[in-house]
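The next block holds one structure in the form of C-alpha cells; read it before the comments.
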Amino acid sequence: MAVMELCISLSLVSLSIILIVFLSPSKAKNLPPGKTGWPVIGESIEYLAARWKGQPEKFIFERISNYTSYIFKTKLMLQPTVVFCGAPAHKFLFANENKLLQSWWPSSVDKIFPSSSQTSSKEEAIKMRKMLPNFFKPEALQRYIGIMDTIAQQHLAADWENKV
C-alpha cells in the first residue's frame, strides 16, 4: 500500500513539474538565437580554443552560419553574452552607448583589474586618445616596420604558402 502511494505521489509531482515547465510562458522570447553551452563555463572553452589556434573569427562565423543571424547569444567568461556582428549592429551599438546599452566588464575581469569597473567609458576613451599618438609618431612606426614585416613574412610562409 505504501509503495502504491509513493508511486502515485511521484507521478503527480513529475506530471506537475512537466506541466509547469512546458506550459509556463517563456521569459526568453526577446533573446536572440543561440545556446549558452555548459552550465557554468558556457562556450568559453570553444572560444578560447579558437583564440589559441589564432582563429577567433572561426568561433563567430560558425555561430553566424548556425543561427543565420548576425546577433546571437552565448556564455563567455562565466557571463551570458550577446554578440553583435556586422556594420548595422555596430552602428546601433555605438549610436546607443550609454543610452540603451551600457558597457561592462565580466566579474572575472573586475576581480583581476578592480579599477576597470570604476572608470567610465568616456574616461577610458580620453586616456586612450592621450596614449595613442605616441604609437603613431614616425619614429615609433619606423621601429615597428621591421617587426611587422618579419611577422607578416612568417605568417605567409607558415599559413599561406601553397594554399592559394
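Name the residues whose placed amide hydrogens come within less than 5 Å of the amide hydrogen of MET77, ignoring near sequence neighbours (fewer than 5 apart) on the same chain.
SER44
Based on other C-beta atoms within 10 Å, arrange PHE72, PHE135 from fewest to most.
Going from sparsest to densest Cβ surroundings: PHE135, PHE72.
Ranking VAL13, VAL3 by Cβ neighbours within 10 Å, fewest first, what do you get?
VAL3, VAL13
What FRET efficiency, computed as 1/(1 + (r/R0)^6) with R0 = 41 Å and r the Cβ-Cβ distance, is obtained for MET131 and LYS35, rounded to the nearest 0.05?
0.60
Measure off 7 Å from each Cα along the Cα-to-Cβ vector at ILE147 and GLU123, then give the distance between these two points in nanometres to one decimal.
According to this spin-label approximation, the distance is 2.9 nm.
Given 0.36 nm per residue, what is the gain on full extension from GLU139 to GLU97 after removing their alpha carbon distance, in nm?
11.6 nm
For the cross-link pairs LYS91/LYS127; LYS58/LYS91; LYS111/LYS137; LYS35/LYS91; LYS91/LYS111; LYS53/LYS130, which exceed 28 Å when the distance is taken from alpha carbon to alpha carbon?
Pairs exceeding 28 Å: LYS111/LYS137; LYS91/LYS111; LYS53/LYS130.
Order these peptides, 43-56, 85-98, by their mean beta-carbon neighbour count within 10 angstrom, highest first.
Sorting 43-56, 85-98 by mean packing, highest first, produces 43-56, 85-98.
Cut-off is 10 Å between beta-carbons; in what order do THR150, THR36, THR81, THR74 appear when sorted fewest neighbours first?
Placing the least packed residue first, the sequence is THR150, THR36, THR81, THR74.
Suppose R0 equals 35 Å; then what is the FRET efficiency for HIS155 and ALA89 from their Cβ-Cβ distance, rounded to the nearest 0.05?
0.75
Full extension from ASN162 to MET4: what is 0.36 nm times the residue separation minus their Cα-Cα distance, to one decimal in nm?
Stretched fully, the ASN162-MET4 segment lengthens by 49.6 nm.
Compute the distance in nm between two label points, each set 7 Å from the Cα along the Cα-to-Cβ direction, one at SER69 and one at ILE20.
2.8
Every read-out reported here was derived from the displayed coordinates using simple, explicitly stated rules and does not represent laboratory data. Bear in mind the structure is a predicted one, so any value in this text is a computation, not a measurement. Every residue, glycine as well, gets a Cβ built from its backbone with ideal geometry; the counts of neighbours run over all protein chains shown.
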